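Scroll down for the structure; my scribbles are underneath it.
The values are calculated or read from the model by the stated rules, or taken from the named source; none is laboratory data. Everything numeric in this text was worked out from a predicted model, so none of it was measured. FYI the Cβ positions are ideal-geometry reconstructions off the backbone, even for glycines, and counts take in every protein chain you see.
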Amino acid sequence: MGTPEEAVRLGSQGGLVVVPSAPVLLYMVDDLATRQALLDAKLAISDSGLMVLTWNRIKGDNIRRVSGLEYIKLLVDLPDFRRQGASFWVMPNEEALEKTLRWLEQRGDRVTRDACYVAPMYAKGAVSDPVLLELLRARRPKHVVIALGGGVQERLGGFLQANLDEPPAIHCIGAAIGFLTGAQVRIPMWADAWKLGWLVRCLSSPRTFIPRYWQARKLVPLLRKYQERMPDAPSAR
């Protein structure tokens, strides 16, 4: 993938868009449902700074990181996205939903509460949500923004893509929208550009994010071992 603008242009044409972090990429090894969702995605964006740095060093390449924050900032400014009724938002809780609605209202975007959905807690493995599916079939939005945790949102997005006759653009952007609405710690664009978003998050909530990003170090030997090849598939859970 080249520029953030190219990513948004392709991602807006329909189908599943994933922005996997390093911890989510590790699920390719031991989580069959997440692995399949990532493989089925129309577009996977190179959001992981650790992945990009490791890949470029191993291969002598110069692929560019396109962050989820860059992606969502460009996406929400598209005239097609801002049209009333064009977007539908899947949020992790009521607090995040309310902050998102307030932020959209401040921007002048007319998104109503019935164009939002608070997702339940999904079990491990393949996701099924017939309630959300029927809402989307009735409303037929052009864009669905899924702002759930990594590993969960990809499985939900894969379910929607597989079960909607004409899938909208399904953007799995995780916490990125929270950086804009205040639901998450704000990451300065300079920190995002220098691949330091992980550090800002660790400083804001050490107990939550330090263990997560420490676990992500396992991505380095995985990339060295497999490079262009897919890791061996996990057994079905």
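Computed values, structure above
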{"quantity": "Single unsatisfied condition, Pro168 versus (1) touching a Ser or Thr at 6+ places or on another chain (Cβ under 8 Å); (2) at pLDDT 95 or above; (3) closer than 21 Å to Arg9 by Cβ; (4) not aliphatic (A, V, I, L, M)", "calculated": "(1)"}
{"quantity": "Residue match in segment 79-93 (condition: under 30 Å from Arg224 (Cα atoms) and of a type outside the set (Gly, Ala, Ser))", "calculated": "no"}
{"quantity": "Some residue of segment 119-135 being in contact with a His (Cβ under 7 Å, 6 or more places away or on another chain) and in a loop (DSSP other than H, G, I, E, B)", "calculated": "no"}
{"quantity": "Among (1) out of contact with any Phe, Trp or Tyr (no Cβ under 7 Å at 6 or more places or on another chain); (2) surrounded by 11 or more Cβ atoms within 10 Å (Cβ to Cβ); (3) within 20 Å of Ala86 (Cβ to Cβ); (4) not charged (D, E, K, R), the one test that Leu136 misses", "calculated": "(1)"}
{"quantity": "Matching option when the condition is modelled with pLDDT under 85, over 20 Å from Ala126 (Cβ atoms) and part of a helix (DSSP H, G or I), among Arg186, Arg217", "calculated": "Arg217"}
{"quantity": "Residue list for segment 80-95, filter: closer than 23 Å to Leu10 by Cα and either of a type in the set (D, E, K, R) or assigned to a loop (DSSP other than H, G, I, E, B) (or both)", "calculated": "Asp80, Arg82, Arg83, Gln84, Gly85, Ala86"}
{"quantity": "Residue tally, condition buried (at least 19 other Cβ atoms within 10 Å of the Cβ) and either of a type in the set (D, E, K, R) or part of a helix (DSSP H, G or I) (or both), over segment 1-22", "calculated": "5"}
{"quantity": "Failed criterion for Ala115 (all others in (1) surrounded by 12 or more Cβ atoms within 10 Å (Cβ to Cβ); (2) of a type in the set (Gly, Ala, Ser); (3) more than 26 Å from Arg155 (Cβ to Cβ) hold)", "calculated": "(3)"}
{"quantity": "Residue identified as over 19 Å from Ala37 (Cα atoms) and free of Cβ contacts under 8 Å to residues at least 12 places away in the same chain among Ala176, Ala138", "calculated": "Ala138"}
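Here's the yes/no breakdown for (1) on the phi < 0 side of the Ramachandran plot; (2) surrounded by 17 or more Cβ atoms within 10 Å (Cβ to Cβ); (3) in contact with a Phe, Trp or Tyr (Cβ under 6 Å, 6 or more places away or on another chain); (4) not in a helix (DSSP H, G or I):
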position	(1), (2), (3), (4)
Met28	yes, yes, no, no
Arg35	yes, yes, no, no
Leu39	yes, no, no, no
Leu53	yes, no, no, no
Asn56	yes, no, no, no
Asn62	yes, no, no, yes
Val66	yes, yes, no, yes
Leu97	yes, yes, no, no
Leu101	yes, yes, no, no
